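Structure first, commentary second.
The values are calculated or read from the model by the stated rules, or taken from the named source; none is laboratory data. Because the structure is a prediction, the values reported are computed rather than measured. Cβ: placed from backbone, ideal geometry, glycine included. Neighbour counts: every protein chain shown.
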Amino acid sequence: MIENISIEKLHPHPDNPRRDVGDVTELSESIKASGVLQNLTVVPATGYYYGDYYVVIGNRRLAAAKAAGLTELPCAVVEMNQKTQVATMLLENMQRSDLTVYEQAQGFQMMLDMGETVESVAEMTGLSQSTIRRRTKLLQLDADTFKATEGRNIDLQDYEKLFEIENAARRNKLLEEIGTNNFNNSFQKAIDTEKREKERAAFVDGLNAAATQIDNGADTSELKYITYICNVDMVKEIPDDGHEYFYKLFADTSANVYRAYTDDEIRDRTADTEKRAAAAAAERERQQRIEEINARMYTLRVNFLRECSLKGKATIIKEYAARTMAQISYDTPDMDIVSDILGIQIDNDVQPEEIWDLLSPKFAVDPERVLLALTYSFSGDGRDLDLLYGYADGDERIDNIYTMLERFGYEMSDEEQALRDGTHELFAELESETE
C-alpha cells in the first residue's frame with residue numbers, strides 16, 4: 001500500500017552501502033517539474049528515529065525532493081529484517097552501477113557480519129563466490145587511501161595486484177601511486193624489496209648457524225679476513241675446521257667473514273688487508289645496486305612491449321624493423337628478449353631452422369607483436385644494458401632504444417627519467433668515487 005509520508009520522517013538508511021548520493025540537481029529540477037513519479041520503499045526506523053522511517057530504495061529521490069522543497073513523498077512501507085534490507089539496498093545500487101568497488105566490498109562484508117555466508121551472498125547477488133571474496137579482501141587496504149584513488153579509472157585487477165605485496169604498510173604506500181605513471185616502477189621495486197628481504201632472512205639464518213655476528217663498527221684489526229659472501233649458497237664457504245668464525249653483515253645480503261689469527265698468521269699479516277677487503281666489498285655492493293636497477297628497468301621495458309596496444313601501429317613496426325635490420329651487427333636475435341616479450345621459452349642455443357616452428361603459434365594470433373619482439377631482440381637491450389654507464393658514455397644504442405619505445409607510447413617513471421638525463425643519485429656516487 002502506498003501512503004504519503006512527511007519528508008521530515010524519512011531518513012537515509014544507516015546501513016546503505018552507498019554513502020554519497022552524488023549530484024541530484026538535475027533530478028531535483030525534474031521533480032519540481034513533474035513530481036516524484038516512483039514511490040520510495042521504506043521500513044520503520046529504530047533507535048533514535050523510532051516512529052520515523054528509513055529509506056531502503058530511493059535515497060537519491062529523497063535528497064532531490066528535499067532540494068526541490070517537497071514536504072511529503074509517496075512511500076511503500078514494508079517489513080524486512082536487517083539482512084534483507086542490506087541485501088535489497090546492495091542489489092538495487094549494483095543494478096544501477098551506483099556503488100564504487102569499495103562500497104560494494106563494504107556491503108558484502110556487512111552481510112557476512114550479519115551471519116550470511118559467501119555462498120548465500122553469491123546466490124543473492126548473482127555474483128560468483130570468487131568475486132565476493134576478492135571484493136571483501138579489498139577491505140584490508142587503507143580505506144581513506146583507497147577512496148582517494150577511485151576516481152583514477154583503475155581496473156579491479158590493479159587493486160588485486162597489490163596483494164602480491166605481503167607487507168601491509170608497503171602495500172598501502174603503493175596504493176597511493178596506483179593509476180599513476182610511477183605505479184609499475186614502484187610495484188616492481190616493492191616486489192624486488194620483499195624478495196631481497198626473504199633472501200636476507202635466509203642468508204642471516206645460515207650465517208648464524210656457522211658464525212657469530214659482530215657489530216659493523218667493531219674493530220677487526222685483530223681478526224683475519226676470510227671471505228666475502230653474498231648469498232645463501234656461499235655460506236658453505238665458511239670452513240668447519242674447529243675455528244670460531246665471525247661476520248659483519250652489510251645492508252644487502254652480503255657479509256665479510258673473519259676468524260682469529262693463528263700464531264703463524266700473526267707474524268705474516270699486513271696492515272692493509274682489511275682496507276683492501278672493505279674497498280672490494282664496497283665496490284661489489286655498488287655494482288649490485290646498479291645491476292638491480294638495470295634489471296628492474298629491463299623488466300619494465302619488456303612488460304610494456306608485452307602488453308602495449310599495437311592497434312594502428314603496423315607502419316611504425318615496419319619502419320622500425322627496416323631501420324633496425326639495416327643497422328644490426330648481430331648474426332642471430334637474442335631469444336631471451338623474444339621469450340620475455342612473447343611470454344614463451346626459446347633458448348638462445350636453438351637452431352635457426354627451429355625458431356619459426358616455435359614462433360608460428362604465436363604469430364598466428366599476434367603477428368605484429370612477434371615482428372616487434374624479433375626486431376627489438378636486435379636492439380642490444382637486456383639485463384646487462386647499463387643505463388648509468390650508457391648516459392656517461394653517450395651510448396647511441398640506448399638512445400635508439402628509448403626513441404623506439406616512446407613511439408609506441410612508453411612512459412618512463414621518474415627514476416628511469418633520472419637515469420636518462422643524468423640526475424639519478426647514483427651518478428653523484430659514481431662521480432665522487434672517481435675524484
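Pairing residues of the stretch 337-349 that are in the same structural domain as residue 297 (by TED's automatic domain parsing) and over 11 Å from residue 370 (Cβ atoms) with residues that are modelled with pLDDT of 90 or more and polar (S, T, N, Q), at Cβ distances under 8 Å and at least 6 apart in sequence or on separate chains, gives 345/339; 346/339.
Can you go through 23, 15 and tell me which one is buried (at least 16 other Cβ atoms within 10 Å of the Cβ), charged (D, E, K, R) and not in a strand (DSSP E or B)? It is 15. A single member of 173, 189, 161, 195 is within 30 Å of residue 86 (Cα to Cα) and among the basic types (Lys, Arg), and it is 161.
If you check 124, 89 for being outside the structural domain of residue 43 (by TED's automatic domain parsing) and either modelled with pLDDT of 85 or more or closer than 30 Å to residue 29 by Cα (or both), only one passes: 89.
Answer yes if at least one residue in the stretch 65-87 is within 25 Å of residue 122 (Cα to Cα), within 44 Å of the chain's Cα centre (by Cα), among the small types (Gly, Ala, Ser) and part of a helix (DSSP H, G or I), and no otherwise. For the stretch 65-87, residues within 25 Å of residue 122 (Cα to Cα), within 44 Å of the chain's Cα centre (by Cα), among the small types (Gly, Ala, Ser) and part of a helix (DSSP H, G or I): present.
Quick check on the stretch 125-135. Is at least one of its residues small (Gly, Ala, Ser), touching a residue at least 24 places away in the same chain (Cβ under 8 Å) and in a helix (DSSP H, G or I)? No, because not a single residue in the stretch 125-135 is small (Gly, Ala, Ser), touching a residue at least 24 places away in the same chain (Cβ under 8 Å) and in a helix (DSSP H, G or I).
Residue count for the stretch 169-179 satisfying the condition of being out of contact with any Ser or Thr (no Cβ under 9 Å at 6 or more places or on another chain) and surrounded by fewer than 17 Cβ atoms within 10 Å (Cβ to Cβ): 1.
Evaluate the stretch 244-252: report whether one residue or more is modelled with pLDDT of 85 or more and surrounded by fewer than 15 Cβ atoms within 10 Å (Cβ to Cβ). Checking the stretch 244-252: at least one residue is modelled with pLDDT of 85 or more and surrounded by fewer than 15 Cβ atoms within 10 Å (Cβ to Cβ).
Six or more apart or on different chains, Cβ atoms under 6 Å: show the pairs whose first residue is in the stretch 301-318 and touching a residue at least 12 places away in the same chain (Cβ under 8 Å) and whose second is of a type in the set (Val, Ile, Thr) and assigned to a helix (DSSP H, G or I). Within 6 Å, the pairs are 302/341; 305/341; 306/341. Scanning the stretch 309-333 for residues that are surrounded by 14 or more Cβ atoms within 10 Å (Cβ to Cβ) and modelled with pLDDT of 85 or more yields 310, 313, 316, 317. If you filter the stretch 240-272 down to residues that are of a type in the set (S, T, N, Q) and either out of contact with any Phe, Trp or Tyr (no Cβ under 9 Å at 6 or more places or on another chain) or not assigned by TED's automatic domain parsing to the domain that holds residue 221 (or both), you find that the one that is nearest to residue 420 (Cα to Cα) is 270.
Just so you know, in the stretch 49-63 the residues that are among the small types (Gly, Ala, Ser) and surrounded by fewer than 21 Cβ atoms within 10 Å (Cβ to Cβ) include one that is nearest to residue 73 (Cα to Cα), and it is 63. Among the residues of this structure, residue 177 counts as one that is part of a loop (DSSP other than H, G, I, E, B) and at pLDDT 90 or above. Looking across the stretch 132-155, the residues that are at pLDDT below 85 and either among the hydroxyl-bearing types (Ser, Thr, Tyr) or under 16 Å from residue 187 (Cα atoms) (or both) come down to 154, 155.
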